[in-house]
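Visitor: Take this structure first; my questions come after.
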Amino acid sequence: MIETLLHTFSAQYPTYGFQKLFNLIRLKNYFFNHKRVYRIYCDLSLNLKIKPKKRLAPRTKMKLVQPEKLNHCWSLDFMSDALICGRRIRTANVIDDYNREALGILVSFSLTSKRITRWLEQLALSRGYPKRIRVDNGPENISHHFQNWAKSHGIFIQYIQPGKPAQNAYIERFNRSYREAVLDMYLFQNIPEAQKITNSWLKHYNEERPHESLNNQSPRNFINNLVQDYSSCRVG
């Protein structure tokens with residue numbers, strides 16, 4: 001009898017835990033012993049709830065091409081590391097795909113979608129909003145908050161196919177450089193120290209470090225030279 005009741009109510013109300021199921025049984029005027037019902041509940045493995053999978057919209061393969069202008073497409077990705085004490089930290093990395101310029105790296109213990117959108121807003125104050133942003137299918141990126149934020153600014157979110165990091169190759173290559181030069185090179189005492197070292201490296205990366213895909217120019221030099229060439233053509 002108890003097994004039948006538990007199976008019936010559990011199937012009818014899959015989100016209910018033991019206490020709610022037990023109370024339902026009591027409301028049906030079955031006065032079984034609480035401990036006995038819980039023992040059978042565990043024997044039936046009803047205490048092992050299975051979380052439903054999030055359904056993602058179909059992800060289509062899109063060819064990775066360099067945008068034609070700044071702010072046409074940003075790439076966003078996340079990395080992880082640890083402090084000396086062992087506590088895990090995360091970083092959010094954003095680059096402009098056009099000239100591979102690193103727009104910023106945010107270091108923190110927790111990076112929720114709300115924290116990320118506030119940070120992206122700060123970047124957009126001086127940079128402007130991108131037309132498109134390329135991301136993977138992480139929980140921060142598929143959240144309703146992130147999607148609503150992008151929609152409110154007319155930003156198209158380009159999701160790569162699950163398990164296909166090569167479709168976000170620009171940021172993946174950047175992540176490798178950042179890990180080799182910073183995350184694997186230093187031991188961090190705290191978040192401010194990690195952020196300070198990161199910011200110093202970002203300045204070098206954007207202004208001095210030669211980039212092979214940019215004819216061995218730094219991202220900033222690449223843009224400056226384009227502006228100079230354009231000005232020369234107009235004068236000529």
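Visitor: Could you give me the residue pairs with C-beta distances under 8 Å whose first residue belongs to segment 85-98 and is under 17 Å from Arg132 (Cα atoms), whose second residue is of a type in the set (A, V, I, L, M, F, W, C) and open to solvent by 50 Å² or more (accessible area, probe 1.4 Å) wherever it lies, and which are 6+ apart or on separate chains?
Guide: Asp96/Leu70; Tyr98/Leu70
Visitor: Please go through segment 1-51 and give me each residue that is open to solvent by 100 Å² or more (accessible area, probe 1.4 Å), among the basic types (Lys, Arg) and assigned to a helix (DSSP H, G or I), ordered by number.
Guide: Of everything in segment 1-51, those that are open to solvent by 100 Å² or more (accessible area, probe 1.4 Å), among the basic types (Lys, Arg) and assigned to a helix (DSSP H, G or I) turn out to be Lys20, Lys35, Arg36, Arg39.
Visitor: Which ones in segment 191-204 are of a type outside the set (Gly, Ala, Ser) and either open to solvent by 70 Å² or more (accessible area, probe 1.4 Å) or within 12 Å of Ile105 (Cα to Cα) (or both)? Please lay out each step first, then the result.
Guide: Filtering segment 191-204 for residues of a type outside the set (Gly, Ala, Ser) gives 191-193, 195-199, 201-204.
Pro192, Gln195, Lys196, Ile197, Thr198, Asn199, Trp201, Leu202, Lys203, His204 - these are the residues of segment 191-204 that are of a type outside the set (Gly, Ala, Ser) and either open to solvent by 70 Å² or more (accessible area, probe 1.4 Å) or within 12 Å of Ile105 (Cα to Cα) (or both).
Visitor: Residues that are open to solvent by less than 30 Å² (accessible area, probe 1.4 Å) and at positive phi: does segment 64-75 have at least one? Break it down into steps so the answer makes sense when it comes.
Guide: Start the filter on segment 64-75 by keeping residues that are open to solvent by less than 30 Å² (accessible area, probe 1.4 Å), which leaves 67, 71, 73-75.
Then keep just the ones that are at positive phi; that gives 71.
Among the residues of segment 64-75, at least one is open to solvent by less than 30 Å² (accessible area, probe 1.4 Å) and at positive phi, which makes the answer yes.
Visitor: For segment 72-91, enumerate the residues that are in a strand (DSSP E or B) and out of contact with any Ser or Thr (no Cβ under 8 Å at 6 or more places or on another chain). Before the answer, list the steps.
Guide: Let us first name the residues in segment 72-91 that are in a strand (DSSP E or B), namely 74-82, 88-91.
Trp74, Ser75, Leu76, Asp77, Ala82 - these are the residues of segment 72-91 that are in a strand (DSSP E or B) and out of contact with any Ser or Thr (no Cβ under 8 Å at 6 or more places or on another chain).
Visitor: Select from segment 124-148 the residues that are surrounded by fewer than 17 Cβ atoms within 10 Å (Cβ to Cβ), within 29 Å of Gln189 (Cβ to Cβ) and touching a strand residue (DSSP E or B) at 6+ places or on another chain (Cβ under 8 Å) and list them in ascending order.
Guide: Of everything in segment 124-148, just one residue is surrounded by fewer than 17 Cβ atoms within 10 Å (Cβ to Cβ), within 29 Å of Gln189 (Cβ to Cβ) and touching a strand residue (DSSP E or B) at 6+ places or on another chain (Cβ under 8 Å), namely Gly138.
Visitor: Within segment 92-110, how many residues turn out to be assigned to a loop (DSSP other than H, G, I, E, B), at negative phi and in contact with a Ser or Thr (Cβ under 8 Å, 6 or more places away or on another chain)? Full working, then the answer.
Guide: The initial filter retains those residues of segment 92-110 that are assigned to a loop (DSSP other than H, G, I, E, B), namely 97-100, 109-110.
Checking the rest, the ones that are also at negative phi come to 97-99, 109-110.
Subsequent filtering for residues that are in contact with a Ser or Thr (Cβ under 8 Å, 6 or more places away or on another chain) retains 97.
Adding up the residues that qualify gives 1.
Visitor: Now, a different point. Go through (1) over 14 Å from Leu76 (Cβ atoms); (2) buried (at least 16 other Cβ atoms within 10 Å of the Cβ) and name the single condition Ser152 misses.
Guide: Here Ser152 meets the rest and fails (2).
Visitor: Quick check on segment 99-121: of everything there that is open to solvent by 60 Å² or more (accessible area, probe 1.4 Å) and touching a residue at least 12 places away in the same chain (Cβ under 8 Å), which residue is farthest from the chain's Cα centre (by Cα)?
Guide: Checking each candidate, the answer is Phe109.
Visitor: Can you tell me which residue is surrounded by the most Cβ atoms within 10 Å (Cβ to Cβ) among those in segment 155-165 that are farther than 15 Å from His72 by Cα and in contact (Cβ under 8 Å) with a residue 40 or more places away in the chain? Spell out the reasoning first.
Guide: Applying the first criterion (farther than 15 Å from His72 by Cα) to segment 155-165 yields 159-165.
When the remaining residues are screened for being in contact (Cβ under 8 Å) with a residue 40 or more places away in the chain, the result is 159-162, 164.
Values: Tyr159: 21, Ile160: 23, Gln161: 17, Pro162: 10, Lys164: 13.
Checking each candidate, the answer is Ile160.
Visitor: On the basis of being open to solvent by less than 20 Å² (accessible area, probe 1.4 Å), without any contact (Cβ under 8 Å) to a residue 40 or more places away in the chain and of a type in the set (Ser, Thr, Tyr), does Ser218 make the cut? Break it down into steps so the answer makes sense when it comes.
Guide: Working: open to solvent by less than 20 Å² (accessible area, probe 1.4 Å): yes; without any contact (Cβ under 8 Å) to a residue 40 or more places away in the chain: yes; of a type in the set (Ser, Thr, Tyr): yes.
The answer is yes for Ser218.
The values are calculated or read from the model by the stated rules, or taken from the named source; none is laboratory data. Not measured: the values here are computed from a predicted model. Cβ sites come from the backbone with ideal geometry, for glycine too, and all protein chains shown count toward neighbours. Just the protein is used for accessible areas: all its heavy atoms, side chains included, with ligands, DNA and RNA removed. Shrake-Rupley method; radii C 1.70, N 1.55, O 1.52, S 1.80 Å.
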